[in-house]
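A.B. asks: Sending over a structure as structure tokens; questions will come in a sec.
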Amino acid sequence: MLDAISSGVGEIGLDRWIKDYDFEQQLEVFKWQLGLAAKRNLPASIHCLKAWGKMLEVLQAELLPRCGFVLHSFGGPTEMVLPLAELGAYFSLPGYFAHERKARQRDVFRHVPLERLLIETDAPDQLLPTERVLYPFCNTEGIPVNHPANLRAVYDLAAELLQEPLEKVADQVEENFARVFGGVSGRGLARVQSGV
């Protein structure tokens, strides 16, 4: 049950990458969770892997939160950016996409409208390339892990991709965050976390 201080619903979504999944059950649960977000007008954080066509179908057919929804580590195709944005999507860029093998995903983010961009580290997952890590950290076994202090590196990546000044990107991401998450946090959170 959600209480009065809930700030969002998620991470929810569709994932065809999971082995031996029951996609119909996933779909049913996703629609229920999306409905809950819409009913309470809470932003939904949506995960999608290998199910973008179905995801778009569901989002076009179901009630959506008026405040919008976040596509976590958006990895969908360029041609879905506009239709998803029109439905209220915000596209979250992770630092992981700075890896050379993620050239397609970086190209897609060049098409994301700046007023629909969000930034994430997805800590402790989705490590940045070693050369972009600003604050290295290892777990007790000595294995590097991602953490929120590297958020500034993701802002740097976004500024590079969009060929915009870092300050402009940071200001717009702050505005986008406030628009989707409303009164959940005070102004300035995005700037404090980014170190900008």
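A.B. asks: Which is free of Cβ contacts under 8 Å to residues at least 60 places away in the same chain, among the aromatic types (Phe, Trp, Tyr) and either closer than 15 Å to Asp156 by Cβ or touching an Asp or Glu at 6+ places or on another chain (Cβ under 8 Å) (or both), of Phe74, Phe91, Phe97, Phe109? Even if it seems obvious, please write down each step before you answer.
C.D. replies: On the way: Phe74 fails: either closer than 15 Å to Asp156 by Cβ or touching an Asp or Glu at 6+ places or on another chain (Cβ under 8 Å) (or both); Phe91 fails: either closer than 15 Å to Asp156 by Cβ or touching an Asp or Glu at 6+ places or on another chain (Cβ under 8 Å) (or both); Phe97 fails: free of Cβ contacts under 8 Å to residues at least 60 places away in the same chain.
Sole residue among the options that is free of Cβ contacts under 8 Å to residues at least 60 places away in the same chain, among the aromatic types (Phe, Trp, Tyr) and either closer than 15 Å to Asp156 by Cβ or touching an Asp or Glu at 6+ places or on another chain (Cβ under 8 Å) (or both): Phe109.
A.B. asks: Could you tell me how many of the residues in the stretch 45-64 are under 16 Å from the mean Cα position of the chain (by Cα), under 23 Å from Ser7 (Cα atoms) and not in a helix (DSSP H, G or I)?
C.D. replies: Qualifying residue count, the stretch 45-64: 4.
A.B. asks: Report yes if some residue within the stretch 170-180 is touching a Cys at 6+ places or on another chain (Cβ under 6 Å) and either closer than 24 Å to His47 by Cα or modelled with pLDDT of 95 or more (or both); otherwise report no.
C.D. replies: yes
A.B. asks: Answer yes or no as to whether Ala158 is within 17 Å of Ser73 (Cβ to Cβ) and either in contact with a Ser or Thr (Cβ under 7 Å, 6 or more places away or on another chain) or modelled with pLDDT of 95 or more (or both).
C.D. replies: Criteria met by Ala158.
A.B. asks: Given Leu42, Leu14, which one is part of a loop (DSSP other than H, G, I, E, B), touching a strand residue (DSSP E or B) at 6+ places or on another chain (Cβ under 6 Å) and buried (at least 19 other Cβ atoms within 10 Å of the Cβ)?
C.D. replies: Working: Leu14 fails: part of a loop (DSSP other than H, G, I, E, B).
The match here is Leu42.
A.B. asks: For residues that are of a type in the set (A, V, I, L, M, F, W, C) and closer than 11 Å to Ala98 by Cβ, scanning just the stretch 146-156, find the one that is surrounded by the most Cβ atoms within 10 Å (Cβ to Cβ).
C.D. replies: Keep residues of the stretch 146-156 that are of a type in the set (A, V, I, L, M, F, W, C), which gives 149, 151, 153-154.
Remaining after also requiring closer than 11 Å to Ala98 by Cβ: 153-154.
Details: Ala153: 22, Val154: 28.
Of everything passing the filter in the stretch 146-156, Val154 is surrounded by the most Cβ atoms within 10 Å (Cβ to Cβ).
A.B. asks: Out of the residues in the stretch 118-156 that are under 15 Å from the mean Cα position of the chain (by Cα) and not in a loop (DSSP other than H, G, I, E, B), state the one that is farthest from Pro94 (Cα to Cα).
C.D. replies: Once the filter is applied, the top-ranked residue is Pro148.
A.B. asks: Okay, next question. Does the stretch 45-74 hold any residues that are of a type in the set (Gly, Ala, Ser), within 20 Å of His111 (Cα to Cα) and surrounded by fewer than 18 Cβ atoms within 10 Å (Cβ to Cβ), and which are they?
C.D. replies: The one that is of a type in the set (Gly, Ala, Ser), within 20 Å of His111 (Cα to Cα) and surrounded by fewer than 18 Cβ atoms within 10 Å (Cβ to Cβ): Gly53.
A.B. asks: If you don't mind, there's one more thing I want to ask. I'd like to verify a number: residues in the stretch 126-145 that are touching a residue at least 24 places away in the same chain (Cβ under 8 Å) and surrounded by fewer than 20 Cβ atoms within 10 Å (Cβ to Cβ), how many?
C.D. replies: Of the residues in the stretch 126-145, 3 are touching a residue at least 24 places away in the same chain (Cβ under 8 Å) and surrounded by fewer than 20 Cβ atoms within 10 Å (Cβ to Cβ).
A.B. asks: If you don't mind, another one. Out of Lys50, Lys39, report the one residue that is among the basic types (Lys, Arg) and closer than 16 Å to Gly8 by Cα.
C.D. replies: Numbers: Lys50 fails: closer than 16 Å to Gly8 by Cα.
Step by step, each of Lys50, Lys39 is checked, and only Lys39 is among the basic types (Lys, Arg) and closer than 16 Å to Gly8 by Cα.
A.B. asks: Filter the stretch 69-98 down to residues that are closer than 15 Å to Glu120 by Cα, outside any helix (DSSP H, G or I) and of a type outside the set (A, V, I, L, M, F, W, C), then give me how many there are.
C.D. replies: Residues meeting the conditions: 6.
A.B. asks: Look at Ala159 and say whether it is within 23 Å of Ala103 (Cα to Cα), free of Cβ contacts under 8 Å to residues at least 12 places away in the same chain and either within 19 Å of the chain's Cα centre (by Cα) or assigned to a helix (DSSP H, G or I) (or both).
C.D. replies: Answer is yes for this residue.
A.B. asks: Take the conditions among the small types (Gly, Ala, Ser), more than 14 Å from Ser73 (Cα to Cα), out of contact with any Pro (no Cβ under 7 Å at 6 or more places or on another chain) and in a loop (DSSP other than H, G, I, E, B) and apply them to Gly182. Does it pass?
C.D. replies: In short, no.
The values are calculated or read from the model by the stated rules, or taken from the named source; none is laboratory data. Note that the coordinates shown come from a computational prediction; the quantities given were computed from them, not determined experimentally. Cβ atoms come from the backbone with ideal geometry, glycine included; neighbour counts cover every protein chain shown.
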